[in-house]
Amino acid sequence: MLWSSIEEMPIKDLKELQNRKLKALVRHAYTNSPFYRRRLKEEGINPWDFDGIKDLVKLPFTKKQDLRDTYPTGMFAVPLSQVVRYHASSGTTGKPTVVGYTENDIECWVESLCRSLNACGVVRGDVMQIAYGYGLFTGGLGFHYAAERLGAGVIPISAGNTKRQIELMKDLKTTVIACTPSYMLYLSEFMLKNKVNLSELSLRMGILGAEPWSEETRKRIENKTGIEAYDVYGTSELSGPLFTECTEKAGLHVWADHFLIEIIDPETGEQLGEGEKGELVVTTLSKEALPLIRWRTGDITSLEEEKCPCGRTHPRIGRIRGRSDDMLIVRGVNVFPSQIEHVLMEIPEVGEHYMIYLDRENELDVMKIQVELRDAEIDRVSDFLELEKEIASRLKSTLNLSTKVELVNPGTLERFEGKAKRVVDRRKI
Ligand code: DLL
């Protein structure tokens with residue numbers, strides 16, 4: 001059963017709709033956002049001559065850096081009095097990127113995610129435990145509104161507090177959990193250790209995303225827990241969680257009436273063909289407050305345009321294979337190595353050399369940072385430990401993430417002749 005008949009709109013009609021909406025979007029951005037007006041003028045684009053999808057490649061890309069440069073609301077295309085919600089995600093130097101939504105933007109988000117939840121089999125009467133973070137992160141509230149609209153019973157528990165999660169799961173007979181795949185793995189470990197019998201639970205489905213995971217991890221989760229695990233993708237700039245697999249598990253459906261997607265070669269910016277692996281670029285066709293033109297997500301995937309066996313005509317993207325930049329995702333939190341460097345280099349006792357190690361222990365991401373002292377003048381162990389604690393606490397307040405910090409003597413860490421490789425990611429996903 002479809003949520004909306006638009007999900008099976010003939011591909012030709014969908015393309016026409018996209019074409020019309022793209023022209024309107026360019027005019028809206030040009031007229032109402034000084035940022036886009038300047039950008040489009042620089043590229044010599046007159047929105048009233050712009051001929052839709054045919055001219056798409058003439059449009060300049062937008063990137064996270066543009067949002068940072070115009071912090072907090074310089075890219076917005078509506079007066080702030082029309083903004084009914086803000087979300088924000090972390091940025092490289094501690095400044096977040098801010099996304100605003102009009103009432104209509106929220107409506108499109110809720111409607112898109114309802115289609116997605118329905119496509120992976122969530123129905124009225126399901127009890128949905130939302131274990132994504134609530135607050136500025138889009139996961140919690142995003143799922144919340146869509147699940148309520150769909151008629152599910154929502155448990156807005158947010159992330160963490162595993163014992164309570166399991167208690168409520170038992171007592172309220174949760175059927176669907178929404179959380180990161182690594183948290184799902186952690187939950188299942190915890191249940192095993194605490195002798196929680198999974199067959200006593202009513203859980204039948206997980207909607208898992210916000211970080212990279214693999215087909216192997218899906219199999220492990222499904223085998224360990226007996227649930228069906230579905231992938232969900234989104235980014236805060238596009239609205240948060242948006243696209244999921246359907247029950248065919250053959251790629252994530254992208255709602256083409258709201259989002260126009262391209263796959264490009266991240267080096268050259270050239271468009272790539274169906275099935276080719278490259279960076280996902282998204283143009284928002286309905287967003288009013290913060291329209292995004294050719295937004296570079298930094299995520300590597302491929303495009304499938306053929307109608308899905310489920311009958312939906314909208315294009316699909318494959319599982320996200322990695323990133324084209326250096327952003328790391330640690331326990332669902334976006335971390336740029338430059339943020340870490342920024343914090344370290346503000347501490348006078350710390351030298352220039354550091355390494356970032358990522359491991360997975362008991363199914364949880366662990367980040368360890370080794371950093372050299374500037375000179376070997378700290379000889380009291382207590383001062384040494386104190387400094388490690390201080391660094392960890394500064395990192396925690398910038399990254400919103402706990403890290404293990406290990407100070408080492410000057411000259412101990414590897415030096416690099418070419419590009420430094422400071423990140424060692426040993427997680428197996
Ligand atoms: O993670 C939005 C979200 C919330 C998605 C809940 C799914 C569920 P950001 O914090 O802006 O937004 O992070 C977006 O996370 O560019 C990807 O690199 C990564 N990501 C998100 N979903 C997936 C996924 C939310 N299913 C960044 N597979 C994106 C791999 C994912 N990576």
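The values are calculated or read from the model by the stated rules, or taken from the named source; none is laboratory data. Every value quoted in this text rests on a predicted model; they were computed, and no experiment measured them. No Cβ is skipped: glycine too gets one built from the backbone with ideal geometry, and neighbour counts run over all protein chains shown. Just so you know, the surface numbers come from the protein's heavy atoms only, side chains and all, with ligands and any DNA or RNA stripped out. Shrake-Rupley method; radii C 1.70, N 1.55, O 1.52, S 1.80 Å.
Is the shape of the range 189-339 rounded, prolate or oblate, going by the alpha carbon gyration tensor and its root eigenvalues a ≥ b ≥ c, with a/c under 1.5 for rounded and a/b larger than b/c for prolate? Prolate is the answer for the range 189-339, as a/c is 1.5 or above and a/b outweighs b/c.
Compared with the alpha-carbon gap, the fully stretched path from GLU406 to TRP48 is longer by 123.0 nm at 0.36 nm per residue. Rolling a 1.4 Å probe over the protein heavy atoms leaves GLU390 with an accessible area of roughly 70 Å². Subtracting the Cα-Cα distance of GLU200 and VAL123 from their residue separation scaled by 0.36 nm leaves 25.6 nm. Surface listing: CYS179, CYS310 arranged by accessible area from highest to lowest gives CYS310, CYS179, probe 1.4 Å. Among TRP48, TRP255, the order of accessible area from largest down is TRP48, TRP255, computed with a 1.4 Å probe on protein heavy atoms.
By DSSP, what percent of the beta bridges with both residues in the chain are antiparallel, rounded to the nearest 5?
60 percent
Electrostatic tally near ILE106: other residues with Cβ closer than 13 Å to its Cβ, Lys and Arg +1, Asp and Glu -1, net -3. Based on DSSP H segments of at least four residues, each scored -39500 (n - 2.57), the chain has a per-residue ellipticity at 222 nm of -9500 deg cm²/dmol.
Rolled with a 1.4 Å probe across the full set of protein chains, the surface gives VAL424 an accessible area near 50 Å². Going by accessible surface with a 1.4 Å probe and the largest first, TRP109, TRP3 read TRP3, TRP109.
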